[in-house]
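The structure appears below as structure tokens.
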Amino acid sequence: MNAAIAKLARGLGDVVFPPECVHCHGLIPDDGAYRHLCAACARQLDFVQAPHCTTCGHPYYGEMAGERMCPHCEGLVPEFGEGRTAVLFKGPARSLVIELKYHRGLYALADMEAIFRRSPHLLEFARGSVLVPVPLHPRKLRERGYNQSALLAERLARAAGGGTRVESLLRRVLDTQTQTAFDRRTRQANLKNAFALARGAGLNPALHYILVDDVFTTGSTLNSCARSLRGAGCLNLDVVTFGHG
Ligand SMILES: [Zn+2]
Ligand SMILES: [Zn+2]
């Protein structure tokens with residue numbers, strides 16, 4: 001089957017064609033736990049469980065209890081309180097993110113929400129908060145047609161319930177993609193000022209805000225967003241990502 005037609009079929013529903021696994025491309029019987037991951041791939045999902053780093057959410061594996069340095073966020077001076085992530089960004093979780101971000105695979109959101117729903121620690125953490133998606137630059141938004149972090153935040157809000165809501169409080173003022181000519185250090189410095197409060201946005205310092213992004217990589221983008229929110233008077237600020245990689 002032509003890839004474009006397969007994608008269209010997945011998007012339209014599964015009446016005509018049985019859905020295909022986004023990771024291994026095998027067919028999925030309709031009684032599976034996920035709509036776009038087969039049972040074998042679903043078993044490869046690496047759900048984060050305690051103990052994990054409280055800054056970036058990466059799990060600690062068989063390491064000593066007590067004061068620990070997390071190799072996944074060392075060097076980051078967080079402008080936010082704590083961070084949580086649902087799964088490790090690899091294998092099938094990575095395939096879902098790639099479908100969503102680069103192949104217009106909005107249908108992947110259903111399984112990403114299902115993954116949130118199977119992450120009780122994350123739902124509890126987010127419940128009742130105001131979720132703030134990491135914004136895309138307007139140029140990028142026009143190109144992609146949607147902000148995947150905003151769509152993920154909506155799914156997370158729905159899964160967490162308890163008055164959790166999404167507010168797009170930030171805007172990206174610097175197009176970081178046009179920054180590739182600069183070296184890493186300059187890019188990092190520029191990223192510090194890449195975000196600003198959205199026009200007309202207001203914060204209530206009594207509320208719990210959580211920045212939402214698809215993947216935690218170095219944390220520098222989230223940190224830059226956090227700096228903007230802090231500057232606008234946000235006191236209680238954490239971060240959540242779908243994956244960590
Ligand atoms: Zn599969
Ligand atoms: Zn960490």
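Can you give the charge dipole size of the stretch 59-160 about its Cα centre, rounded to the nearest 20 debye, using +1 on the beta carbon of Lys and Arg and -1 on the beta carbon of Asp and Glu?
Values: 15 positive and 11 negative charges, 112 e Å.
I would put it at about 540 debye.
Rolling a 1.4 Å probe over the protein heavy atoms of the chain, with every protein chain left in place, gives an accessible area that is 54 percent carbon and sulfur.
What fraction, in whole percent, of alpha-carbon pairs in the stretch 96-245 exceed 23 Å separation?
Numbers: 3799 of 11175 pairs.
When every Cα pair of the stretch 96-245 is considered, 34 percent fall beyond 23 Å.
Structural descriptor for the chain: relative contact order 20 percent, calculated from alpha carbon pairs under 8 angstrom and at least 6 residues apart.
If the convex hull of the alpha-carbon atoms of the stretch 175-245 is projected onto planes in all directions, what is the mean projected area in square nanometres? Before the final figure, lay out the partial values.
Numbers: hull surface 21.3 nm².
Mean orientational projected area (the stretch 175-245, Cα hull): 5.3 nm².
Derived scalar couplings between HN and Hα for the stretch 118-130 equal 9, 10, x, 5, 6, 5, 4, 5, 8, 4, x, 8, 9 Hz in order, rounded to whole Hz, by the Karplus curve 6.51 cos²θ - 1.76 cosθ + 1.60 (θ = phi - 60°), x for Gly and Pro.
Amide hydrogen proximity for His52: with H placed 1.01 Å from N in the peptide plane, the residues at 5 or more positions away or on another chain lying under 5 Å are Tyr60. Compared with the dominant principal axis of the Cα atoms in the chain, helix 148-160 is inclined by about 80°. For Val215, the residues whose amide H sits under 5 Å from its own are Phe242, Gly243, ignoring neighbours fewer than 5 places away on the same chain, with H placed 1.01 Å from N. For the chain, the longest principal axis of the alpha carbon atoms and the long axis of helix 220-231 meet at an angle near 50°.
Under a Gaussian network description of the chain, with springs only between Cα atoms under 10 Å, the residue in Ala201, Ala157, Ala86 that fluctuates furthest is Ala201. Around the amide H of Phe195, modelled in the peptide plane, lie the amide H atoms of Val173, all under 5 Å away and 5 or more residues distant in sequence or on another chain. Within the stretch 50-177, the proportion of C-alpha pairs whose separation exceeds 23 Å stands at 40%.
Ranked from largest to smallest solvent-accessible area, with a 1.4 Å probe on the protein heavy atoms, Arg155, Arg127 come out as Arg127, Arg155. Normalising the Debye intensity of the stretch 77-141 to I(0), with uniform scatterers on Cα atoms only, and taking log10 at q = 0.19 Å⁻¹ returns -0.98.
The values are calculated or read from the model by the stated rules, or taken from the named source; none is laboratory data. From a predicted model like this one, the values you see are computed outputs, not experimental measurements. Note that we place each Cβ from the backbone using ideal geometry, even for glycine, and neighbour counts take in every protein chain shown. Areas reflect the complete protein model, heavy atoms only, side chains present, ligands, DNA and RNA absent. Shrake-Rupley method; radii C 1.70, N 1.55, O 1.52, S 1.80 Å.
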